[in-house]
Amino acid sequence: MVDISAIGTAAHDTALGGSATSDLFQLLRNGRPRTRSELAALTGLARSTVALRIDALLDLGLVGPVGDAVSTGGRPSSQFAITASERVVLGVDVGASHVRVALSDLTGRILGDASPDARVSDGPEAVLDAVTAAGRELLDANGRSDHDLLAIGIGVPGPVEHSTGRPINPPIMPGWHRFDIPEYVGRSFDVPVLVDNDVNVMALGEREHSWPDVDHLLFVKVATGIGSGVISGGLLQRGAQGTAGDIGHVAVARGADVPCQCGNRGCLEALAAGPALARGLRERGVEAVSNADVIELVEHGSLDAIQALRQAGRDLGEVLTACVSLMNPSVIVLGGAMVRAGEHLIAGVREVLYARSMPLATESLQVTHSKAGADAAVLGASMLAIHHALSPQNVEAMVSRVQRA
Ligand SMILES: [Zn+2]
């Protein structure tokens, strides 16, 4: 919600410029058209000042006139709103075995996308060269120039130091440790480059796609690993070092003897992620190697595979019970390869979660599967770029560049 009194104060404090233009823009961001008079009343600025700042935002292509100018005989429209389609961002999903690049407008609507032939194991330079080439082609194919591009968001399958955009000891990303992704991509495109881990990015994408009004959402990915993205109070929570939501190595009682690749025993990931399920099935004499093998067995009605997936859901539910106590989410979304095989995993999660949580915490809690599906990461990477590009500081910086020019 916009705190109008605070905006009024900020506007007076910076009567000669400052943050007032971005305040004005933040008022228009929700898409509701406003007149100059309304904006003057809401910000406490003089109408002439509002007019100057609207002109700057018009120059930037961030807002535009709306209304009935043409139908009433060509009189200039007096209402303004955010223009989503003038400027664009690139959202990049670097997965364990795929890369996807999408060009989006400022509402996150995908205008075009490409899947360059690259794998994260090819190393950062090869992957990012493929990404920037695909981005360049998408801009060209959609008639956009570098000037139209505001920012680039990138999700990668490993831990990221968000402030610098560098992956830190990512287990499945050889050669990426401390690689300066923003600097490298910045050689091709002179715009801000935001990097985050894939689960955080999927949480942003899922919320944007399906739960725009939900402020407390936990997105859990169950695939080769297990992790979660935490949205609390409407904001993605990264924690002190960026590891918030890293639930894969929380211990589960049932797994006391099961070793994990992290060196501990009984980790959730060692019990309930795809490779653990495949291993468990092999021990029972059922042929399964990959995540896809397990999914296929479930889809073909293998009782062993269905029971394994349901138990994985219970194990996950045990850890999520603590998460629910801690953050009181209203929605838990399950995504990732292992969730695509029907409701068995979710049923296991619900079974434990509803039995073990306090009634008030689960009264209106929804546990559901991802609706954005394969689009969640690329959509979330776009939102990462959009949130940054349209932040008050960034809008202000763009305005001062226009005014200096
Ligand atoms: Zn572990």
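Things to note:
- For the range 310-322, the condition holds for no residue, the condition being that it is small (Gly, Ala, Ser), at pLDDT below 95 and out of contact with any Ser or Thr (no Cβ under 8 Å at 6 or more places or on another chain).
- Unmet requirement for Asn264, which otherwise passes all of (1) polar (S, T, N, Q); (2) free of Cβ contacts under 8 Å to residues at least 12 places away in the same chain; (3) farther than 30 Å from Glu208 by Cα: (2)
- With respect to the conditions (1) β-branched (Val, Ile, Thr); (2) open to solvent by less than 10 Å² (accessible area, probe 1.4 Å); (3) out of contact with any Phe, Trp or Tyr (no Cβ under 7 Å at 6 or more places or on another chain), Thr321 lacks only one, and its number is (2).
- Identity of the residue in the range 324-347, without any contact (Cβ under 8 Å) to a residue 40 or more places away in the chain and open to solvent by 20 Å² or more (accessible area, probe 1.4 Å), that ends up nearest to Ala96 (Cα to Cα): Glu343
- Which listed residue is touching a strand residue (DSSP E or B) at 6+ places or on another chain (Cβ under 6 Å), free of Cβ contacts under 8 Å to residues at least 40 places away in the same chain and part of a helix (DSSP H, G or I), from Arg350, Arg279, Arg314: Arg350
- The range 356-368, residues that are modelled with pLDDT of 95 or more and open to solvent by 20 Å² or more (accessible area, probe 1.4 Å): Gln366, Thr368
- Extreme residue, most open to solvent (accessible area, probe 1.4 Å), among residues of the range 172-210 that are under 27 Å from Gly266 (Cβ atoms), in contact with a helix residue (DSSP H, G or I) (Cβ under 8 Å, 6 or more places away or on another chain) and of a type outside the set (Gly, Ala, Ser): Ile172
- Strands (runs of 3 or more DSSP E) fully within the range 211-262 that include at least 2 residues being open to solvent by less than 10 Å² (accessible area, probe 1.4 Å): 217-222, 226-232.
The values are calculated or read from the model by the stated rules, or taken from the named source; none is laboratory data. Bear in mind that the values here come from a model prediction, so they are computed numbers and not experimental data. Quick reminder, even Gly has a Cβ in these numbers, built from the backbone with ideal geometry, and neighbours come from all protein chains shown. Keep in mind that these areas ignore ligands, DNA and RNA; they rest on the heavy atoms of the full protein, side chains included. Shrake-Rupley method; radii C 1.70, N 1.55, O 1.52, S 1.80 Å.
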